[in-house]
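Here the structure is laid out as structure tokens; the discussion comes afterwards.
The values are calculated or read from the model by the stated rules, or taken from the named source; none is laboratory data. No experiment lies behind these values; they were computed from the predicted model shown. Ligands, DNA and RNA are excluded from the accessible area calculation, which covers all protein heavy atoms including side chains. Shrake-Rupley method; radii C 1.70, N 1.55, O 1.52, S 1.80 Å.
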Amino acid sequence: MSWTSKLKPAVRELRFHFCQTSSSSAPARQFVQRIYKDLKTANPELPILIRECSGMQPRMWARYEFGEEKSVPLDGLTEKQIDGKLQELVGLQLK
């Protein structure tokens, strides 16, 4: 994930919302467990928030400069697809 070092100037905050027990949130939970350390190491000052709530549909949010926010639903996506969605959110501001 060499592209993760590009997150800091583009993204001010990254949030993951998901249910801690539902099967629809399982890929999102696994994705966060897999990438969190690398993401945080590459972007130590970037707030990465993980919000769990029973019954919540998985979703990822990115906050940019001037309070602009974008989100994408993660329901039904694989870990690889979630990685692509994260790159899309970052790509919105890197162009």
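Couple of notes before you dig in:
- Beta bridges from DSSP with both residues in the chain: antiparallel share about 65 percent, rounded to the nearest 5.
- For the chain, with all protein chains in place and a probe radius of 1.4 Å, 50% of the accessible heavy-atom surface sits on carbon or sulfur.
- Listed residues R34, R63, R12, most fluctuating in the chain (Gaussian network, C-alpha, under 10 Å): R34
- In degrees, nearest ten, helix 79-94 long axis to first principal axis of the chain (Cα): 30 degrees
- Taking Cα atoms only, the orientation of helix 26-42 departs from the longest principal axis of the chain by about 30 degrees.
- Probe 1.4 Å, protein heavy atoms only - accessible area per residue of region 49-95 in square angstrom: 64 Å²
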